[in-house]
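Participant: The structure's right below; bear with me while I get my questions together.
Since every read-out is calculated from the coordinates, none of them should be taken as a lab result. Please read all numbers here as calculations on a predicted model, not as lab measurements. Heads up, the Cβs are rebuilt from the backbone with ideal geometry, glycines too, and the neighbour counts pull from every protein chain shown.
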Amino acid sequence: MKNLLAAAITAASMLLASPALAQTPPNVLVVGQIAEPKSLDPHAVTAVNDFRILVNVYDGLTRYKDGTLEVEPSLAESWTISEDGKTYTFKLREGVSFHDGTPFNAEAVKFNFDRMLKEDHPFHDTGPFPLAFFFSSVEEVTAVDDLTVEFKLKEPYAPFLSNLAYPTGLMVSPAAVEEHGKDFGRHPSGTGAFKFAEWDANAKLVVTRNEDYWDGAPPLEAVIYRPITDANTRIAEMLSGGLDVMVEVPPDSLQQFRDDAAFTVQEQAGPHVWFLILNLKEGPFAKKEIRQAANYAINKKALVENILQGTAEVAAGPTPPAFAWAYNDTLEPYPYDPEKAKQLLADAGYGGEQLTFYVTEGGSGMLDPLAMGTAIQADLQAVGMKVKIETYEWNTFLGKVNPGLEGKADMAEMAWMTNDPDTLPFLTLRSQAMPDQGGFNSGYYANEKVDDLLGKARAATDQNERAALYKEMQEIVHEDAPWVFVANWKQNAVTGAGVENFKLQPSFFLMLQDVAKP
Amino acid sequence: MTAYIAKRLLAAIPVLFGLSVIVFLIMAMIPGDPATAILGSYATPENVARLNADLGLDKSLPQQYLIWLGNLLQGDLGRSYALNRPVLDEVLERFSATLILAGTALVLCSILGLLAGVVSAARQYGFADKAITVLVLIGISTPSFWLGLLLILAFAVKIKLFPASGMYAIYGGGDLPDLLHHLFLPALTLAAVATGVIARLTRTAMLEVLRQDYIRTARAKGLTERRVIYRHAFKAALVSVIPVIGIQAGFVLGGAVYIETVFQWPGIGSMLVNAISTRDLLLVQGGVLVVAAAYVLFNLAADVVQTLLDPRLR
C-alpha cells in the first residue's frame, strides 16, 4: 500500500512537472489584458480594454498622429471641409481590401455609418451601438463615387475628425456583417495591420500579420491577447515569463519592474483628468472663495506621489495636457496652501457646515478612489472643513452622481478620458448641459462666457482658432473653480526582454503595427 | 431506488424555480443597470433609456421574467448583454472548466481527507495524529486566495515548475498533460480547506466506531489491526462522512470563485463575479441555475452512495 502510494505520487509529479515552461516564441507578442474583450465589433464596445485590440485589426478614415492627439489621414487620403463647416468630403485610399477580401470603398463607409445611425437599416439590429451618439451630428452619408464619400452634418461640429479616429469610427467589412449578423463581433473583419485568427473565450485571442496591409506589413507574425483580471496574477505571469507586455501595472509593483533589468517600464500621460465635482447650487460650495479654498487645501502633490506613487501628475485645469494643441500651459495648478485656504474660508464666512462627499470603490479611470477620498477628507479637515464620506460601488455611484448632486451631496469624485478637448467641457461645464437636459454638469456650473467659448470652438473648423477658444475657457474655469482639479493619469506598461519599438500613445490605444520581437 | 431518485429530482424543480425568482428580484433591487455599466461615464439618462430599449430592458419586471421563463422552457437562456453571445454557450463552456477544477479538488480532498482522518484516528494522540491535526488546522484556517497567491509566487515565479495562470498553454499544449500541469496548483489550493474539514470529521467518526462492541469482537477474533481499521471501522465511518463530502462539494464550487479569479481559471465562478458587476442579468440567471442544479445533483449523488453503503437506510 505504502509503496503503491509512493509510486503513484512520483509518477504524478513527473507527469505534472514534465512540460518545460517555454518562454514566449519569437515574432509572437503575448499581451496581458485586464479583462476578457466584450466584442470585436468596434461600434458595439466602450472599454479601453477592447480598443487595445481593435485599433490593430481595423482602421478609421482618420487616425492619431504617432505620439499626439492630432488627426492625420488613414483610410481617407485627404478631405475638404465646406465654408459653413457642415459638409466633409473624403477622398478614400485606393486598393485597400478588408481581411475577407472585399474592397474598401465609399459604399462600405456609408454602410458603416448607416448601420450605426439609422434605425431602419437592415443591420441596425446587430447592435446596440452605445457610442453612436459620437456621430449624432451626421445627417446623411453619400457615396459620391467609388472613392469619394460625403458627410452632411446637421450643424458644424469640429470634433468630427477626431471622432473618426476613435474606435467608434473604425471601418468594418459590410460583407462580414451581412454574413455573421449579430455574431460579427466574434468574426471580425477590418482593414488593419493584423487579421483576426482565433478567439478561445477567456483564454486567448489571436491576431496574425496582414501581409497585404496598405501601410506595410507589421514585423510581428502574431499577437496573442490574454485576459488576466487579477492584477497580482498578471504580475506573476509577467515575472514568470508568460507575457511580453503587460498594461495597467498597479503603482505598488512598478518599482519592482523598474529595478529588474529584464523589464522596461513605459509611461505616457493621456487625455485623462481626475477631479472633484463641487455642488454650486446649494451649500458652502455655492461661494467661489470656498471652492478655491478647497483647491488650495488639498495637497495634490502628495496624492500623486504617495497614493498614486508617481503614476499621475497634478492637474492644473479641466483640460489634460495631452491635448497639447489646445492646452493652456500658462495655467499653474492651485498650490498647496492651507493657510490661504483658511483665510479664504474665514473671509467667505464658512461656518463649519458638514459636507457630504461621494466616493467610489473603483471604476474606469478612477485610480485609487478610496485612498484618495480619505486623504482629501483629511486635507479638508485640516483647514476646518467637516467632511462626511459616503462610499458606493461604481455603477451605483454613477447612478447617484450623473443625475446631479442637488439635495444629496456637496462633492463627488469623478474621472474622464476623452478623445477631443471639446468632449469633457461641452458635456460637463455648460449651463445647457445640466443633468435634466441630458448632460453631465452634475455640479450645476454656469458661466455664459464659457458657454459662448465652447459653442464657438465647436463651430470653428480651424485648429488654431479652436485652440485659442479652449485656452481662454480653461483660464475662466480655473478661476471659477467648479471642480477641484486633482490629477492627470499616466498610462503605464511593462515590456519583457526582446520587445522592440514598443511605444504607448496619448490616446491610450495600444498600437502594435511597428513592434518587433526577433 | 429509481423511484427515490426520480422523486428527489422532481423536488429540485420548485427549488430551482424559486431560486430564479430570487436571483431576478435581487438583480432588480441592486442599484445600477447594464446600460449604465456599458456606457460608464457616458451614461446620460437619454443614452441609458435608448440602450435599455435596445436591450429589451424597458419592459416591466414580471414581463421580463415571463419572457425569460418562456425562452428557458424552449432551452434558450437568452443573450449576454456584456459578452454579446448566447448565455448557454458561455455558461456551458465555463461550467465544464469549473467541473474539471472542482471535481479534481473534490477527489483530492476526499482521498487526502479520508486518509488523514483514518491515520489520525488509528494513531490517536500519537505523533502522526498530532502532526496531521496541526496541518489540518492550518489548512482550514488559511484563506484560500492567499494560499493561491503564495503557491503562484513559490512554484511559478521563483521555481518555474508550474504555470501561474490559465487552463491550457497559450501555444502548443491543449492535451491532458498540459491540462494537469495547469490544474495542479489551483486544485490543490481549492482542496485545502475541504481536506481539513473531511479529515477532522473522519477522525471523529472513526474514533466513534472504534469504540463499538463489534470492533472489540473483531479484535478478539484475532484479526490484524489493519484489517479491523480498513475492513470494519472505515466502512462504517464512511457512512457518516459521505454526506459531508456532498456538502463540501457545494463549498468547493463556491470557493472556486476566488480560486478561479486568482489563477485566471476560465470557470463559472469568475464569470459570475464579472456578470454581477456588469449587471448582466441573463448571464447571472443562467450561471446560478447551472451551479444550483449541480449542487442538487451532488447532494443527491452523496445520498445515493450513502444509501448503498448503509443497509439500514434502504
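Participant: Using a 7 Å offset from the Cα along the Cα-to-Cβ direction at both A:Q343 and A:D260, what is the distance between the two label points in nm, to one decimal?
Facilitator: 5.0
Participant: If you don't mind, there's one more thing I want to ask. Could you put A:M246, A:M372, A:M511 in order, starting from the residue whose Cβ has the fewest other Cβ atoms within 10 Å?
Facilitator: On the way: A:M246 28, A:M372 23, A:M511 18.
With the sparsest Cβ surroundings first, the list reads A:M511, A:M372, A:M246.
Participant: Taking +1 at the Cβ of each Lys and Arg and -1 at the Cβ of each Asp and Glu, which of B:A256, B:A131, B:T189 sits farthest along the dipole of the stretch B:129-271 towards its positive end, judged by Cα position relative to the Cα centre?
Facilitator: In the stretch B:129-271, that residue is B:A131.
Participant: Given C-alpha coordinates of the stretch B:2-73, what is the ratio Rg to Rh with the Kirkwood estimate of Rh? Walk me through the intermediate numbers first.
Facilitator: On the way: Rg = 17.2 Å, Rh = 14.5 Å.
The Rg/Rh ratio comes out at 1.18.
Participant: May I ask for the angle, rounded to the nearest 10°, between helix B:281-309 and the longest principal axis of chain B, with both axes built from Cα atoms and the value confined to 0 to 90°?
Facilitator: 20
Participant: Stretched out fully, how many nm does the piece from A:E393 to A:E211 gain, at 0.36 nm a residue minus the Cα gap? The partial results should precede the final answer.
Facilitator: Working: separation 182, 0.36 × 182 = 65.52 nm, distance 4.57 nm.
Computed gain between A:E393 and A:E211 is 61.0 nm.
Participant: Give me the Kirkwood hydrodynamic radius of the stretch B:1-134 in Å, from all C-alpha pairs, to one decimal place? The partial results should precede the final answer.
Facilitator: On the way: mean 1/r = 0.0507 Å⁻¹.
It is 19.7 Å.
Participant: Report the dimensions of the stretch A:272-490 along its three principal axes from the alpha-carbon atoms, largest first, rounded to Å.
Facilitator: Result for the stretch A:272-490: principal-axis Cα extents of 47, 38, 37 Å.
Participant: Check which residues have an amide H placed less than 5 Å from A:S97's amide H, if you skip close sequence neighbours.
Facilitator: It is A:F104, by chain and number.
Participant: Distance cut-off 19 Å, Cα to Cα: go down the list A:K288/A:K388; A:K288/A:K342; A:K287/A:K400 and report the pairs above it.
Facilitator: Working: A:K288/A:K388 21 Å; A:K288/A:K342 14 Å; A:K287/A:K400 23 Å.
As for pairs spanning more than 19 Å Cα to Cα, those are A:K288/A:K388; A:K287/A:K400.
Participant: Please report, for the Cα atoms of the protein assembly as shown, the Rg to one decimal and the Dmax as a whole number; what are they, in angstrom?
Facilitator: That works out to 30.5, 110 Å for Rg and Dmax.
Participant: Could you tell me the ratio Rg/Rh of the stretch A:250-362? Both radii from Cα atoms, Rh via Kirkwood.
Facilitator: Working: Rg = 17.5 Å, Rh = 16.7 Å.
Using only Cα positions, Rg/Rh for the stretch A:250-362 is 1.05.
Participant: Roughly what would the spin-label model give for A:E353 and A:E282, points 7 Å off Cα along C-beta, in nm?
Facilitator: Each label point is offset 7 Å from its Cα along the Cβ direction, giving 0.9 nm.
Participant: Take the alpha carbon atoms of the stretch A:192-233, find their center, do the same for the stretch A:34-77, and report the distance between the two centers in whole angstrom.
Facilitator: A separation of 14 Å, based on Cα centres.
Participant: To the nearest 20 debye, what is the magnitude of the charge dipole of the stretch A:58-175 about its Cα centre, counting +1 on the Cβ of each Lys and Arg and -1 on the Cβ of each Asp and Glu? Mind showing how you got there, number by number?
Facilitator: Numbers: 10 positive and 20 negative charges, 43 e Å.
The dipole of the stretch A:58-175 has a size of about 200 debye.
Participant: So between A:E179 and A:E221, what do we pick up on full extension, going 0.36 nm a residue minus the alpha carbon distance?
Facilitator: On the way: separation 42, 0.36 × 42 = 15.12 nm, distance 2.72 nm.
So the extension gain works out to 12.4 nm.
Participant: All other residues with a Cβ under 14 Å from the Cβ of A:A497 taken together, and with Lys, Arg as +1 and Asp, Glu as -1, what is their net charge? Intermediate results must be reported in sequence, preceding the final value.
Facilitator: Values: positive: A:K517; negative: A:D244, A:D260, A:E500.
Charge balance near A:A497 sits at -2.
Participant: Among A:F485, A:Y392, A:Y445, flag the residue with its Cα farthest along the positive direction of the charge dipole of the stretch A:372-498, charges on Cβ as +1 for Lys/Arg and -1 for Asp/Glu.
Facilitator: A:Y392
Participant: When the chain is fully extended, how far beyond the present Cα-Cα distance does A:E248 get from A:E305, taking 0.36 nm per residue of separation? Mind dumping the intermediate values first?
Facilitator: On the way: separation 57, 0.36 × 57 = 20.52 nm, distance 1.72 nm.
Taking 0.36 nm per residue and subtracting the Cα distance, the gain is 18.8 nm.
Participant: Above 16 Å lies some portion of the pair distances; for the stretch A:41-88, what is it as a whole percent of all C-alpha pairs? Walk me through the intermediate numbers first.
Facilitator: Details: 625 of 1128 pairs.
When every Cα pair of the stretch A:41-88 is considered, 55 percent fall beyond 16 Å.
Participant: Within a Cβ distance under 12 Å of A:G362, other residues only, what is the Lys/Arg minus Asp/Glu net charge? Before the final figure, lay out the partial values.
Facilitator: Details: positive: none; negative: A:E361, A:D368, A:E393, A:E413.
Result for the local shell: -4.
Participant: Quick one: work out Rg over Rh on the C-alpha atoms of the stretch A:58-175, Rh as Kirkwood radius.
Facilitator: Details: Rg = 13.5 Å, Rh = 14.4 Å.
Radius of gyration over Kirkwood radius for the stretch A:58-175 works out to 0.93.
Participant: Sort all Cα-Cα distances of the stretch B:88-309 into consecutive 10 angstrom bins from zero, then give the percent of pairs in each bin up to the one containing the longest distance.
Facilitator: Taking all Cα pairs of the stretch B:88-309, the binned fractions are 8, 28, 30, 21, 9, 3, 0 percent.
Participant: Select from A:G283, A:N464, B:I67 the residue farthest towards the positive end of the dipole of the protein assembly as shown; place +1 on Cβ of Lys and Arg, -1 on Cβ of Asp and Glu, and compute about the Cα centre.
Facilitator: The residue sitting farthest along the positive end of the dipole is B:I67.
Participant: Can you sort B:S277, A:S442 from fewest to most other Cβ atoms within 10 Å of each residue's own Cβ? Kindly include the intermediate steps, with their values, before the conclusion.
Facilitator: Working: B:S277 15, A:S442 25.
Ascending number of Cβ neighbours within 10 Å: B:S277, A:S442.
Participant: If r is the Cβ-Cβ distance from B:L297 to A:K118 and R0 is 35 Å, what FRET efficiency results, to the nearest 0.05? Don't jump to the answer; show the numbers that get you there.
Facilitator: On the way: r = 49 Å, r/R0 = 1.40.
Using R0 = 35 Å, I get an efficiency of 0.10.
Participant: When A:I389, A:I34, B:I229, A:I298 are ordered from fewest to most other Cβ atoms inside 10 Å of their Cβ, what list results?
Facilitator: In order of increasing Cβ crowding within 10 Å: A:I389, A:I34, B:I229, A:I298.
Participant: By Kyte-Doolittle mean hydropathy of at least 1.6 and Cα axial length of at least 24 Å, which whole DSSP H helices of chain A are selected?
Facilitator: Values: long enough: A:463-480 (26 Å, -1.27).
Passing helices, by number: none.
Participant: Given charges of +1 on the Cβ of Lys and Arg and -1 on the Cβ of Asp and Glu, with all other atoms neutral, how large is the dipole of chain A about its Cα centre, in debye to the nearest 20?
Facilitator: On the way: 42 positive and 72 negative charges, 240 e Å.
Roughly 1160 debye for chain A.
Participant: Going by amide H atoms built from the backbone, whose H comes under 5 Å of the H on A:Y392, apart from near neighbours?
Facilitator: A:V359, A:T360, A:E361
Participant: Of the DSSP beta bridges with both residues in the protein assembly as shown, give the percent that are antiparallel, rounding to the nearest 5.
Facilitator: Roughly 75 percent of the DSSP beta bridges within the protein assembly as shown come out antiparallel.
Participant: What distance in nm separates the two pseudo spin-label positions at B:L150 and B:S60, each 7 Å out from Cα along the beta-carbon direction?
Facilitator: 5.5
Participant: Could you work out Rg/(2.2 N^0.38 Å) for the stretch A:327-435, with Rg from alpha carbons only? Let's see the in-between values first.
Facilitator: On the way: Rg = 15.7 Å, N = 109, 2.2 N^0.38 = 13.1 Å.
Normalised Rg, Cα atoms only: 1.20.
Participant: Using amide H atoms built 1.01 Å from N in the peptide plane, name the residues 5+ places from A:T356, or on other chains, whose amide H lies under 5 Å from its own.
Facilitator: A:K388, A:D410, A:M411
Participant: Taking the Cα centre of each part, how many Å lie between the stretch A:483-510 and the stretch A:342-388?
Facilitator: Spelled out, the Cα-based centre of one part sits 29 Å from the other.
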